[in-house]
Amino acid sequence: MEKPIVSAKSDIKAGGTGATLATSVYDRMREDILTGKLPPGDKLRADFLRARYGVGTSPMREALNRLAADGLVVHEDQRGFRVSAVSTAELEELLKTRCWLEETALRQSIAHGDAAWEESIVLSFHRLSRQPRSASDASYTFNPEWEKLHHEFHRGLIAACGSRWLAGYCDQLNDQTLRYRQIAAQFDDPRRNEVDEHREIMEATIARDDDLAVKLLIRHFEDTDALIRKHVPDMRDSAPFGKISAAV
C-alpha cells in the first residue's frame, strides 16, 4: 500500500480542522491530477485515497466534491469518483476558448500596460529561460518550479488587461490544459524551442505589436496541440483544431 504523501506546503497536523484538512487534500489531489500522477480516467477508490493522503472520509469527500466542481473529477452514480478523461473534443474546446480569451486579454494589456508591466514581463521571461523544463536530464520529469515560472510568464502577459474576471478565466483554462501539456512534455520535439517561442512573444508584447504578439501566442498554443495529437493514440488520427485566426 502506498504511503501517505507529505509535502512542505501541505503537511497536515494532528488536530487540524475539517476545513483545513479538506483544503490541503484538495490542493494535493488537484496537483496530482494536473501533473498526471492521478491519470485521466482512473477510479478514485476511497481506501486508496485515504491511504495516499492520510485523511478520513469526510475531508476526502469534500475535496472530491470541490474537484468535481472544477471539472477535474466526475461522480458516477453508484460507482464513486473518477479522474476526468482527456479527449480530443475537450482539448479542442479548451484551446479554442483559451485562444479567444487570451487574445482579448493580451490586446487590452498591450493597450493599457505601463513601464512596470513591461519590466515584469522581461523579468519573468528571464527567470523562465534559466529554469530547465525537466527536473531530470535523463528523461522528462515534471519540474514544479518551471511550471510555476511558466504560469507567471503567461499570467504576466495579460496582467494589465483591466479585468480580474478575464484574467481569472484565463487562469482556469491554463489549469485545465495543464494535463494535456504534460502529455506533450513527455516527448521530445527537436524542432521546437520553447525558450525562443517565449522570447518572441515577450519581444512582440513589449514592442506593443499586438497583432504579432497574438499571432505568436496562438501559434505557441497550436504547436502544443499538434505535439499532443502526434503522441496520443486516440488523438493522433483526429483532425487538429481549426487554426484560430487572430482578429486583426
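Some values worked out for this structure:
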quantity: Given charges at beta-carbon only (K, R positive; D, E negative), |dipole| of the range 18-83 in Debye; calculated: 160
quantity: Dipole magnitude (debye, nearest 20) for the range 88-236, charges at Cβ of Lys, Arg, Asp, Glu; calculated: 200
quantity: Stokes-Einstein diffusion coefficient of the range 65-154, Kirkwood radius over Cα pairs, 10 °C, 1.306 mPa s, in µm²/s; calculated: 96
quantity: Cβ-based exposure ranking for S134, S84, in which fewest neighbours within 10 Å come first; calculated: S134, S84
quantity: Dipole of the range 88-236, positive end: most advanced residue of N143, A204, Y169 [Cβ charges, Cα centre]; calculated: N143
quantity: Ordering of 126-133, 146-153 by packing [mean C-beta count within 10 Å, highest first]; calculated: 146-153, 126-133
quantity: Burial ordering of V25, V74, fewest other beta-carbon atoms within 10 Å first; calculated: V74, V25
quantity: Proximal charge balance of R82 [Cβ under 11 Å; K/R count +1, D/E count -1]; calculated: +1
quantity: Surrounding net charge for V73, when Lys and Arg each add one and Asp and Glu each subtract one, Cβ distance under 13 Å; calculated: +3
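Each reported figure results from applying straightforward, stated rules to the coordinates on display, with no laboratory input. Predicted model, so just to flag it, every value in this text is computed and none were measured. Reconstructed Cβ throughout: ideal geometry from the backbone, glycine too, with neighbour counts over all protein chains shown.
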